[in-house]
Amino acid sequence: YEGVFWNRDYDEISDMESRMYAKPQEIAAYLETKPKKPYLSCEYMHAMGNSLGGMSLYTDLEDKYQQYQGGFIWDYIDQALLKHNEFGQEVLTYGGDWDDRATDYEFCGDGIVFADRTPSPKAQEVKQLYANVKLSLTDKEVTVRNTNLFVDTSDSYFEVSLKKAGQPIWHKDYQWVVPAGQTASFKVDFPKALAPGEYTYEVSQKLRQATNWAPAGYELTFGQFIKQVAGQTKPAKPAALKVVHGDVNIGVHGQNFSVLLSLAEGGLVSYVYAGKEYITRTPKTSFWRAQTDNDRGVKHGFDRGMWLAAGLYQKHVDAKVEEQADCVTVTFKHQLALAGEYYHTVAYTVDSHGKVTIKLNYPGYENLPSIPAYGMDFKLKAPYQNVRYYGYGPAENYCDRKAGARLGIFETTAKENKAPYLVPQETGNRTGLRWLEVTDELGHGLRFSAGDQAFEGSVLPNSVYELETASHQEELPAAHFVWVRILAAQMGVGGDDSWGAPVHKRYWLDAAKPLTVTFSLEGN
């Protein structure tokens with residue numbers, strides 16, 4: 001009963017301390033006093049649109065405070081009504097679509113399940129953080145912590161696997177029985193003498209037998225351990241390279257490819273590989289993301305709207321060309337559309353094998369609001385719908401909502417990657433991307449590979465700016481293009497509430513700090 005919090009004259013009428021949308025630090029402050037009553041959030045983590053960012057900050061309290069009893073996510077399911085609109089489309093509607101006034105518009109769209117009963121990407125996070133068994137591992141053992149109060153793990157088996165660069169190389173099933181409330185570690189004989197590369201050690205708890213709610217083999221939870229084995233790879237031998245200097249363009253030609261960099265456009269205007277042109281227009285750098293419901297609730301546009309214009313209307317002011325025997329680098333300097341002298345650079349390095357390495361560098365400036373996102377948008381032709389990537393998935397994830405994501409190789413499409421939130425907004429992001437491929441039905445396309453650090457990114461049928469301005473999914477234009485977004489980073493999505501709670505500062509992008517991302521582009 002939340003009323004007790006507001007009026008202590010009647011403190012004795014409840015057995016628990018309960019509040020709506022108390023922040024993690026507020027809950028911790030109460031529990032630090034070692035109170036007489038345990039704490040329970042009658043509502044928390046408002047799941048409106050692309051939300052539930054920072055949920056782990058709440059579930060982390062479970063291990064720290066014995067009197068913390070968790071809370072209830074608001075809400076379970078989107079409330080929306082099907083309707084045939086004036087164009088004959090069957091669409092989902094929300095407040096105001098029936099000429100009802102006053103209205104709270106899409107405020108009924110706050111579920112971890114969509115109105116059609118399909119799970120939203122947010123469910124991935126909830127499932128992992130609410131799992132009653134916690135799994136962790138190293139390259140030598142697996143630790144199983146059973147936080148169930150009454151049942152042991154005999155109804156499960158544990159699948160342990162090892163992957164190199166996302167590809168399976170070993171797996172084995174184990175039967176480990178850990179009593180309720182106990183923790184146990186088990187030795188695992190993983191393969192030794194590993195060749196250089198990235199290795200993923202993974203353990204998955206799965207049901208031994210079917211239940212009323214899931215089939216046999218259904219995964220309950222998982223754990224991962226990532227290990228890098230050092231070693232050097234042999235560099236490719238240089239091939240023939242021809243550089244042509246025009247009045248406004250620089251052409252780079254080699255076997256099976258040609259690249260055109262425009263001094264007028266300030267970037268890449270053509271990438272032809274195996275006779276196919278992949279560039280429709282010069283890829284543009286961006287400092288913006290389509291606002292989420294949480295962004296709109298906290299007036300993110302007012303506080304950070306300058307970054308929308310800063311990137312959208314930036315101008316190219318300078319270019320520097322450096323030639324070497326086996327590559328050429330053109331560095332473009334862009335001035336941001338801000339009041340003052342603010343710049344960032346984009347460098348393209350084309351090698352003799354047709355690989356284009358792109359480096360974005362924002363140096364950091366004081367006294368500016370935090371940045372929503374920083375990266376580059378590629379506008380590709382419509383056939384390149386198929387997406388395959390090595391990074392965290394399978395569902396979308398963000399810097400403050402990735403506990404439920406795992407490292408692996410996953411496949412989707414541009415259309416499937418767009419979550420159908422009631423109001424279009426930021427969607428489809430993946431963190432920790434090592435590489436990302438977009439291809440047509442014949443397997444032709446582009447591969448984006450990370451440099452020294454993994455990047456974030458998405459592939460969608462609509463641009464950031466189309467998502468920004470639509471208020472219903474059916475208002476989005478038909479998918480004439482595929483939009484690939486490669487990011488150094490983007491801020492978290494938040495979720496404490498949707499009417500004024502900001503994303504936690506640890507998940508902001510401080511404008512005073514440099515942002516950089518390096519990735520390569522190749523045809524396949």
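The values are calculated or read from the model by the stated rules, or taken from the named source; none is laboratory data. Since the structure is predicted, the reported quantities are computational estimates derived from the model, not experimental observations. Cβ coordinates were reconstructed from backbone atoms using ideal geometry, including for glycine residues, and neighbour counts include every protein chain displayed. When the accessible area is computed, the model is the full protein with side chains, heavy atoms only, and any ligands, DNA or RNA have been set aside. Shrake-Rupley method; radii C 1.70, N 1.55, O 1.52, S 1.80 Å.
List of remarks:
- Label-point gap, in nm, between A240 and R101 - each point 7 angstrom along Cα→Cβ: 7.2
- Average accessible surface for the chain: 48 Å² per residue, computed with a 1.4 Å probe over protein heavy atoms with every protein chain in place.
- Oblate is the label for the range 324-401, because the ratio a/c of its alpha-carbon gyration tensor axes (a ≥ b ≥ c) is 1.5 or higher and a/b is not greater than b/c.
- Each DSSP beta bridge with both residues in the chain is either parallel or antiparallel, and the antiparallel ones are about 95%.
- Net lengthening on full extension, E323/A479 (0.36 nm per residue, minus Cα-Cα): 52.3 nm
- Separation between Cα centres of the range 59-124 and the range 446-524, rounded to whole Å: 23
- Projecting label points 7 angstrom from Cα along Cα→Cβ for R117 and T233 puts them 4.7 nm apart.
- As a calculated quantity, the FRET efficiency between W213 and E416 at R0 = 25 Å, using C-beta atoms, amounts to about 0.50.
- Overall shape: oblate for the range 305-439, with the ratio a/c of the largest to smallest alpha carbon gyration tensor axis at 1.5 or above and b/c at least equal to a/b.
- Cross-link pairs beyond the 24 Å C-alpha cut-off, checked among K172/K206; K164/K276; K299/K359; K315/K355; K284/K402; K299/K505: K164/K276; K299/K359; K315/K355; K284/K402
- Sites F5 and R506, calculated FRET efficiency, Cβ-Cβ separation with R0 22 Å, nearest 0.05: 0.25
- Computed Rg/Rh of the chain, alpha carbon atoms with Kirkwood Rh: 1.00
- Dividing the mean sequence gap of close Cα pairs (under 8 Å, 6+ apart) by how many residues the range 313-459 holds gives a relative contact order of 16 percent.
- Carbon plus sulfur fraction of accessible area for the chain, probe 1.4 Å, in percent: 52
- For the range 110-167: rounded, prolate or oblate by the Cα gyration tensor [a/c cutoff 1.5]: oblate
- Here each label is just a point 7 Å from Cα along the line to Cβ, and for H171 and N249 those points are 4.9 nm apart.
- If R0 is taken as 56 Å, the Cβ-Cβ distance between E12 and A339 corresponds to a FRET efficiency of 0.45.
- Against the compact-protein benchmark of 2.2 N^0.38 Å, the Cα-based radius of gyration of the range 147-220 scales to 1.29.
- Calculated on the alpha-carbon coordinates, the convex hull of the range 86-234 measures out at 216 cubic angstrom per residue.
- Cα-based equivalent ellipsoid, the range 459-524: semi-axes from gyration tensor eigenvalues, Å: 26, 23, 8
- Residue-level accessible surface for H504, protein heavy atoms, 1.4 Å, Å²: 40
- Within the range 428-524, GluC sites (Glu not before Pro) in DSSP loop having at most 13 other beta-carbon neighbours inside 10 Å: E441
- At full extension, L312 and S185 could sit 40.4 nm farther apart than now, given 0.36 nm per residue minus the alpha carbon distance.
- Taking the range 83-232 and dividing mean pair separation by its residue count, relative contact order in percent (alpha carbons under 8 Å, at least six apart): 20
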